[in-house]
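First the structure, in the form of structure tokens, and then the observations on it.
Nothing in this text is a laboratory measurement; each read-out follows from the coordinates by a stated rule. These numbers were taken from a predicted model, which means no experiment stands behind them. Cβ: placed from backbone, ideal geometry, glycine included. Neighbour counts: every protein chain shown.
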Amino acid sequence: MNCIFCGIVSGEVKSQIVYENDDVLAFKDLNPQAPTHLLIIPKKHISRLAESQDGDAEILGKVLLAARDLAKKFDIKDFRLVTNNGKGAGQTVDHLHFHFMAGRRFLWPAG
Ligand code: AMP
Ligand code: ZN
């Protein structure tokens, strides 16, 4: 399988990792859209949230806890956590990821 984020997990693709545990990795987005723009991913290849399984519940929970930990680590009070599920929603990388963004004001509803 040719997945760029699996490459980051294996270390074959270089990235700026800011957080890691057994199931989750977070690294800086290459093309940041906010002063802080991180991507939180499960190390396991899940192509999108809609493709996750009941057995992934613990991993998915750990992704959310990683967002909590990152906010604490970087002393961030307000942040936005977003996943784009499917091309029509803006998904360009087919490995589940959550955008963790902070440091500016965000519009609501999201564009
Ligand atoms: P999405 O459009 O929601 O699928 O988000 C994919 C994100 O991955 C975009 O914000 C890209 O800038 C980012 N991205 C793509 N390749 C890399 C990479 N090698 N390292 C870090 N971020 C990446
Ligand atoms: Zn992958």
Please identify which residues in the range 16-36 have an amide N closer than 11 Å to a label point set 7 Å out from the Cα of Ile76, following the Cα→Cβ vector. 27-29, 33-36
Candidate lysines for bridging to Lys62, where Cα separation is under 17 Å - those fewer than 8 sequence places away on the same chain excluded: Lys43, Lys44, Lys72, Lys73
Sorted by chain and number, the residues with a modelled amide H under 5 Å from that of Tyr19, at a separation of 5 or more or across chains, are Ala26
For the Ser10, Trp108 Cβ pair and Förster radius 25 Å, calculated FRET efficiency rounded to 0.05 is 0.10
Residue-ordered couplings for the range 38-44, obtained by feeding phi - 60° into the Karplus form 6.51 cos²θ - 1.76 cosθ + 1.60 and rounding to whole Hz (Gly and Pro as x), are 10, 10, 10, 10, x, 5, 5
Restricting things to alpha carbons, find the Rg to Rh ratio for the chain using the Kirkwood radius for Rh. 0.94
